[in-house]
Amino acid sequence: MEKDFKIEKKSDIQKTPKRVAFIKTRTAARVKSEEEEMVMTFPNLVVKEIIAFQVMVIVLVLISLSVNAPLEWIANPEHTPNPAKAPWYFLGLQELLHYFPPVVGGVILPSLTVIALIVIPYFRMNIKQEGLWKERKKQTFIVLVAVVGIISLVLLLFKVFAMIIPTLIITAFMLIPYVSKKETSFIIWLGSRPLSWWIMTWFVIIAVVLTTIGTLFRGPEWRWTWPWQGIF
């Protein structure tokens, strides 16, 4: 059975749908689009992870040999420490309990965080890896200001300044590509960040700030205490 063939004149041999391409005289047969470079997980990634793990173990061993662990006295049920702090990886959650009611800070917010981390990767914003201001700038600006405004008002109602300040700072960086008329390399880089990147950055910074405050700046009765108080 004969098939109809269509002759096309193109200089890009990869994009030509037929195996035979007619190239004009004095035209270089160059490839305009190339496949992305791909590497295997093993050994390329696994070896780097093993090296990073070994470096981390060596650093921790050196720190443990030179600095004593900040252990307290033997546990005594008749003398509880003030404040009673959770392990460092739970201090961010304990700091939330200082601002919000127990049900909100201990149940609702952690549950929403876990659900968000599960659901967000399936959103279109994470599949489409384009900058936040790539399309519909005005609509994106209105939605962003409205969402940040609502979140800031709720946090201000509970006086959670530890979350308000990082939120406003990150929002300011998000708005730089929108309001700036200059196009420096840094502004272009900010404009190329997708919404999923900004959400994850906000989440990590908030977690670090809350954990740092709970670890270093909370003293008896969970009051604000500078780390050097009692040393000098």
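The values are calculated or read from the model by the stated rules, or taken from the named source; none is laboratory data. Here the structure is a predicted model, which means the values were calculated and not measured. Positions of Cβ are backbone-derived with ideal geometry, glycine not excepted, and every protein chain shown enters the neighbour counts.
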Considering 201, 211, which residue is touching a residue at least 40 places away in the same chain (Cβ under 8 Å), in a helix (DSSP H, G or I) and not small (Gly, Ala, Ser)?
-> 211
Under the condition of being under 15 Å from residue 217 (Cα atoms) and of a type in the set (D, E, K, R), which residue from segment 70-96 is farthest from the chain's Cα centre (by Cα)?
-> 85
Inspect all residues belonging to segment 97-118 and state whether any of them is modelled with pLDDT of 85 or more, closer than 23 Å to residue 225 by Cβ and under 22 Å from the mean Cα position of the chain (by Cα).
-> no
Hey, residue 125 hits all of (1) among the aliphatic types (A, V, I, L, M); (2) modelled with pLDDT of 90 or more; (3) surrounded by 16 or more Cβ atoms within 10 Å (Cβ to Cβ) but one; which does it fall short on?
-> (2)
Could you tell me whether residue 103 is assigned to a helix (DSSP H, G or I) and either of a type in the set (D, E, K, R) or surrounded by 10 or more Cβ atoms within 10 Å (Cβ to Cβ) (or both)?
-> no
Flagged in segment 212-227 as under 15 Å from residue 160 (Cβ atoms) and in contact with a Leu (Cβ under 7 Å, 6 or more places away or on another chain), in numbering order, are 214
Would you mind telling me which numbered condition in (1) surrounded by 12 or more Cβ atoms within 10 Å (Cβ to Cβ); (2) over 21 Å from residue 101 (Cα atoms); (3) of a type outside the set (A, V, I, L, M) residue 203 fails?
-> (2)
Positions within segment 180-199 being among the aliphatic types (A, V, I, L, M) and surrounded by fewer than 14 Cβ atoms within 10 Å (Cβ to Cβ), in sequence order = 188
Considering only residues of segment 133-183 that are assigned to a loop (DSSP other than H, G, I, E, B) and among the charged types (D, E, K, R), which is modelled with the highest pLDDT?
-> 159
Going through segment 183-202 one residue at a time, which ones are of a type in the set (Ser, Thr, Tyr) and either more than 18 Å from the chain's Cα centre (by Cα) or within 13 Å of residue 116 (Cβ to Cβ) (or both)?
-> 184, 185, 196
Could you look through segment 86-98, keep only residues that are out of contact with any helix residue (DSSP H, G or I) (no Cβ under 6 Å at 6 or more places or on another chain) and in contact (Cβ under 8 Å) with a residue 12 or more places away in the chain, and pick out the one that is surrounded by the fewest Cβ atoms within 10 Å (Cβ to Cβ)?
-> 89
